[in-house]
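What follows is a short report on a single structure.
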Amino acid sequence: MKGMTDFANPAVYVVEGLLVFFILWKIFSARRGRDLFIRRIPGLSVLDEAVGRATEMGRPMLYAPGLSGLDIIGLQSMSIMSHIIKRAANYSTRVIVPLCDPILYTVAEEVARDAYTTQGVPEQFVPEDIRYLTNEQFAWASGVVGILHREKVATAFYFGYYYAEALILTENGQIAGALQVAGTPAITQIPFFLASCDYTIIGDEYYAASAYLSREPTLLGSLVGQDYGKLLMIGLVMLGVVGVTLAALGAHLPGLDSINHFFDKYFLQYFPRST
């Protein structure tokens, strides 16, 4: 069985090298104090407003990480949760965290305890507010719905991986009168969050949340460097489209034969032209 490196060629190594260069360049730039621009993400910018709303109403907040386990999606959710708890700790506002994964539950408990300790109020940490409900999808959703209504939640955050339970949760959040902010990489659930939540984090914005909220130089540099890499890939794709299109139209431009030869040698050998 062939490995991925068996399909690599010099062009692939060059592109990969450029991607690594962009990321390291921006990381070192950020560490030297250069201010890197990240566009405003409305769903994350509103977090302080959401915390303030719960504080003014004297009601708790709910943070649901969905059906995420101990993976990149779950860990990203824990990072966002830590930021929210730190903000809430400044105003003595409760944050209830219902979980469906037993391993992520232990991580969430430690993250919450550390967040309160970092803010200098370890006494605000209430172990009962970090709740393991069940690992069954709709049983967990029913438990979260119960919390929304019983606790009269003022603000609900849904950051993690969601399936069919997404709309069940947000509909009940609307009934409970909660301000709702959601974020998920599950593209099948994004339309439901858009329709039923006040703010929604879409696509790559979910993975960019840690850098956006923390402004940590390594995370910022990595994020901006990846954006440069995306621009590079888009440019290469556009160059290929233009070159192949001109060749198909029979255009004769200086250097066009060299471009076509490049794509025939390093690209079309793996993706042959359709006949």
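Each reported figure results from applying straightforward, stated rules to the coordinates on display, with no laboratory input. Here the structure is a predicted model, which means the values were calculated and not measured. Heads up, the Cβs are rebuilt from the backbone with ideal geometry, glycines too, and the neighbour counts pull from every protein chain shown.
Here are the numbers for this structure:
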{"item": "Computed P(r) (all Cα pairs; the chain; 5 Å bins; percent)", "result": "1, 5, 11, 13, 14, 12, 9, 8, 8, 6, 5, 3, 2, 1, 0, 0"}
{"item": "222 nm mean residue ellipticity, helices alone, for the chain (DSSP H n ≥ 4; -39,500 (n - 2.57); rounded to 500)", "result": "-18500 deg cm²/dmol"}
{"item": "The stretch 47-197, dipole about Cα centre (Lys/Arg Cβ +1, Asp/Glu Cβ -1), debye to the nearest 20", "result": "320"}
{"item": "The stretch 64-96 and the stretch 177-235: distance between their alpha carbon centers, rounded to Å", "result": "15"}
{"item": "The stretch 47-197: C-alpha gyration tensor shape, a/c 1.5 cut-off, then a/b vs b/c", "result": "oblate"}
{"item": "Dipole axis of the stretch 47-197 (+1 Lys, Arg; -1 Asp, Glu on Cβ), positive-most option in Val111, Leu133, Ala50", "result": "Ala50"}
{"item": "Peptide ranges 19-29, 60-70 listed from the most packed, as the mean C-beta count within 10 angstrom indicates", "result": "60-70, 19-29"}
{"item": "Label-to-label distance, nm, for residues given as Ala195 and Thr118 (7 Å Cα→Cβ offset)", "result": "3.7"}
{"item": "Protection proxy ranking, peptides 174-182, 34-42, average beta carbon neighbours within 10 Å, highest first", "result": "174-182, 34-42"}
{"item": "Dipole magnitude (debye, nearest 20) for the chain, charges at Cβ of Lys, Arg, Asp, Glu", "result": "600"}
{"item": "Packing-based order for 123-132, 139-148, using average beta carbon neighbours within 10 Å, highest first", "result": "139-148, 123-132"}
